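Below: the structure, in structure tokens.
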Amino acid sequence: MTAKLNRAVRCTAAVLAALAVGAGATACDASSGSSDKAAAHSGSAADSSSGTQDGGSQKDSQDAVDGVKKTAVKGSRTDAVNPASARTRESKRCHTGELRYSWGGPHGGAPDMEADQQQIASIRLTNSGGRTCTVYGFPGVRLVSDSGDTWDLRRSSDKPSTLTLDPGEDTAMVSMNVLPLPQDMKGPKPFRVSKVLLTPPDETTHVTLDWPYGGALVDQSGATRPGTFVNPVGVG
């Protein structure tokens, strides 16, 4: 538990240092390997704020921001419109009402909401209609908290590809990188998800799903490059 708290404190320091210069908490993404590096840089930023600023600490802080930007989401879109969707004919697109939605990763996995690093929450899409249809691009995802606050998730930098779903096929997956806030971590504001409003790519109607995992996320709903974001629909 002590080690976990220490990691959480380092992660939180990195998040706050990155936020202070306009970036988000993707510095805590374990898959990018940047957590320890961002933590070290955030330490340099803290030194500079206490009156020991020098050229080295400024460079470290800038390096931390650059590292975050490389792994962070790009652009500001949070809707379900995909400019490159012309590759998919309108008549073949899977519509909201033709899909069935269920929680769970490729192996039924669930995010650890007590973790101090990014986790994956996934929604499986099943073609419940009577025709073959296609899915391409990013969905729109809006998180709703238990107090009624909303958070429209930004997009990752991953590239989408077209998926074809035959009737009954369930190989399409919406995945979200989420940054949990452990109960024993003090400081960051919590966002306690209650519901998720999901709009399939290039659709205008959404479905509402209950959030099944409890816990809370680090509230970065106002950040331009948050550590919680949505990826394009992929194979699951």
Quick one: accessible area per residue over region 127-236, 1.4 Å probe, rounded to a whole number of Å²? 40 Å²
Gap in Å between the Cα centre of region 143-220 and the Cα centre of region 117-142? 11 Å
Quick check for me: using +1 on Lys/Arg Cβ and -1 on Asp/Glu Cβ, what's the dipole size of region 81-236 about its Cα centre, in debye to the nearest 20? 460 debye
When the charge dipole of region 133-192 is computed with +1 at the Cβ of Lys and Arg and -1 at the Cβ of Asp and Glu, the Cα pointing farthest to the positive end, of S145, C133, P160, is that of S145
Hey, can you grab everything whose amide H is under 5 Å from the amide H of E169? Only 5+ residues off in sequence or another chain; H modelled, so Pro and N-termini drop out. N127
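How many percent of DSSP beta bridges within region 110-236 run antiparallel, rounded to 5?
Numbers: 30 of 31 bridges.
Among the beta bridges of region 110-236, antiparallel pairing accounts for roughly 95 percent.
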Provide the convex hull volume over Cα atoms per residue for region 106-196, in Å³. 122 Å³
So what are the ³J(HN,Hα) numbers for region 121-137, from phi and the Karplus equation (6.51, -1.76, 1.60; θ = phi - 60°), rounded to whole Hz, Gly and Pro as x? 10, 10, 10, 7, 9, 10, 6, 9, x, x, 9, 6, 9, 10, 10, 9, x
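The values are calculated or read from the model by the stated rules, or taken from the named source; none is laboratory data. Not measured: the values here are computed from a predicted model. Cβ: placed from backbone, ideal geometry, glycine included. Neighbour counts: every protein chain shown. For accessibility, only protein heavy atoms count, side chains too; no ligands or nucleic acids. Shrake-Rupley method; radii C 1.70, N 1.55, O 1.52, S 1.80 Å.
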